[in-house]
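A.B. asks: Below is one structure. I have some questions about it.
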Amino acid sequence: MQRVVGLLVGALVLFWIIDSPTTAAATVTNILAILASFAESFVTFTRALF
C-alpha cells in the first residue's frame, strides 16, 4: 500500500512539473529559501549559545 501511494504522489508531482513548470520552479525556490532561512536562524541560535 505504501509503495502504491508513493508512486501516485510521484506521478502527481511529475504531472505538476510537466503541466506548469514555472509554478513548480517558483514553489521549489520558495521552499529552498525557507529552509535556508531556518538554517541561518539555527546557526545564529547556536552561536549565541557559545
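Rule-based calculations on the coordinates, nothing more; no lab input. Note that the structure is predicted; figures quoted are calculated from it, not measured.
A.B. asks: Does anyone have the angle between helix 2-19 and the longest principal axis of the chain? Alpha-carbon axes, 0 to 90°, nearest 10?
C.D. replies: Roughly 90 degrees between the two axes.
A.B. asks: Using only the alpha carbons, work out the radius of gyration and Dmax of the chain in angstrom.
C.D. replies: Here Rg and the maximum Cα pair distance are 16.9, 48 Å.
A.B. asks: Still on this structure: Report, in deg cm²/dmol and to the nearest 500, the calculated mean residue ellipticity at 222 nm for the chain, where each DSSP H run with n ≥ 4 adds -39500 (n - 2.57) and the sum is divided by the residue count.
C.D. replies: -33000 deg cm²/dmol
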